[in-house]
Amino acid sequence: MTRLSRKWFTPSALAAALLAAAQGAQAAPEYSVQATGPLCAAAQNPANYNTKYLSFFTTLVQGQGDWLFRTQYDLRTDFGTSQFGWSQLKRLRDALKAKGVELMVVYQPTRGLIDREKLTPEEKAHFNYELAKKNYLAAVDQFRKAGIWVTDLSPLFDEKGVDTDYYFKADHHWTPAGADRTAKLVAETLKQIPAFGDIPKKEYESKVVGLLPKAGTLHKTAAQFCGTGYATQYVDRYETEAAGDGGSGDSLFGDESNPQVVLVGTSNSGPAYNFAGFLQQHSGAEVLNMAVSGGGFESALMQYMSSKEFHENTPKVLIWEFATHYDMAQASFYRQAVPMVNNGCEGRNKVLKNKIKLKPGANEVLVNSNGLPLRGRDYQVDLRLSDPSIHELKTTVWYLNGRRENFKLEQSDRIDTGGRYAFELRNEADWADLNMLALEVHSPEPMPQELSVDVSVCARPGKGGGNLTANAE
């Protein structure tokens, strides 16, 4: 067999070589093409991953064949969050539980934990699999200690006799086959939740409906650094429907549909991978998929909890899917998510309120002119913008002692906020007893014409406030 040996061999170069060989010989010889050695020097240099997008791939290493891995994310050994992060997750869980919602997390394992056998012997020797597995299981245990339902996905680490990839060769998403195997385990945990027993059930079927092409994100990044070409990977694409539905979709999306299980998550829960469909198949329960592609850790959850759907048709189980690399200790996220669970100040006694048309610059929208005792530990703010397209808004909270906090409200442009934001006043030890004096809203750039804000302050659920009332109008 004649070998074409080259460190990087693109499909176009291969075609040209094969054509030339065929023209120069009576019988066309056979060729094999393989990558030799590691990735190019540019891809191995961490300093070159110098944009927000490229940092997501720090640092690419070559696996077997066309497999690529990221050292920072795929081969990590640390999992979970800080003590503060765990306490805040429990606080969010407790708020949902008080509303009658069970929180369940799908803590997606890394490509290193699942596909370490695809590493080269050298890279496999550098990857401390036992430590990674130990820390992953410790994180699962911490979720459970926080009262959060979570599935131990470690049985997927050592699957035997499986002929379909869990992850794509060089993409950070799982394949539909990986989503299916995950959903089967998650459904077993779902069935253990007491409230799940009261949810209506039916049979669902998942069928292959074609092929899903994937030009992997890791391959694309390697190509950017090294000028290489990779073949597109193709896997089976699936869709799920109720048994006997005949493809009409009426049983899934009819007017009478009122799912009691809701999925919020990342692009891994998007329609391409059919994770929600497989959950339906393996659990028998209808699943409302509210995932957001490209929204990161929190966007899908925030969009759903700010919606009428959540507050008017509260589910019994909320499944939250995300990857292990996300920071679960984002204080600003919990300050917004927890009050949104209870719909901000909707239906609550508003101790301060005002509606104002914004002008360029800083706008004083609320003033505690009567000196009401509005301690940071007890109160929250609810803002509604007239233009829902705004995804970033800067505010300043002033306190009676002259102290101030600049707090930025920011959500992904992938979601529909409806112009609705809520946040708790600051609650750290040296802020909790400070008394709010005023609130400023800084005009966004560019600022839409006739932009107005409807803003109010109310007590947090379970906190004081009594009948204190003062209008800032």
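The values are calculated or read from the model by the stated rules, or taken from the named source; none is laboratory data. Since this is a predicted model, take the numbers as computed values, not measurements. Quick reminder, even Gly has a Cβ in these numbers, built from the backbone with ideal geometry, and neighbours come from all protein chains shown. Protein only, heavy atoms only, side chains kept; ligands, DNA and RNA dropped before computing areas. Shrake-Rupley method; radii C 1.70, N 1.55, O 1.52, S 1.80 Å.
Annotations
- Residue 332/residue 192 FRET efficiency (R0 35 Å; Cβ-Cβ; nearest 0.05): 0.60
- Residue (of 417, 176, 55) at the positive-pole extreme of the chain, dipole from beta-carbon charges: 55
- Here each label is just a point 7 Å from Cα along the line to Cβ, and for residue 243 and residue 145 those points are 4.2 nm apart.
- Accessible surface, the stretch 319-473, averaged per residue in Å² (probe 1.4 Å): 44 Å²
- Spin-label pair residue 362/residue 203, simplified geometry with 7 Å Cα→Cβ offset, distance in nm: 6.7 nm
- When the listed pairs 133/214; 350/408; 394/463; 90/145; 118/160 are checked against a 18 Å cut-off, the alpha-carbon distance exceeds it for 133/214; 350/408; 394/463.
- For the chain, the mean residue ellipticity at 222 nm estimated from helices alone is -7500 deg cm²/dmol, where every DSSP H run of n ≥ 4 contributes -39500 (n - 2.57) and the total is divided by all residues, rounded to the nearest 500.
- Amide H contacts for residue 62 (H built 1.01 Å from N in the peptide plane; partners 5 or more residues away or on another chain; cut-off under 5 Å): 39.
- Taking every alpha-carbon pair under 8 Å whose residues sit at least 6 apart, the stretch 372-473 reaches a relative contact order of 44 percent.
- Carbon plus sulfur fraction of accessible area for the stretch 33-188, probe 1.4 Å, in percent: 51 percent
- Between residue 366 and 439, the built amide H atoms are under 5 Å apart, and every one of these is 5 or more places off in sequence or on another chain.
- Under the simplified labelling scheme, the residue 355-residue 429 pair shows an inter-label distance of 4.4 nm, with each label point 7 Å from Cα along Cα→Cβ.
- The stretch 254-283 and the stretch 105-132: distance between their alpha carbon centers, rounded to Å: 28 Å
- Accessible surface of the stretch 318-473, 1.4 Å probe, proportion on carbon and sulfur as whole %: 44 percent
- Note on residue 389 and residue 84: the extension gain reaches 106.6 nm, defined as 0.36 nm multiplied by sequence separation minus the Cα-Cα distance.
- On the basis of the beta-carbon distance and an R0 of 45 Å, residue 42 and residue 416 show a calculated FRET efficiency of 0.70.
- Ligands, DNA and RNA excluded, the heavy atoms of residue 126 present near 150 Å² of accessible surface to a 1.4 Å solvent probe.
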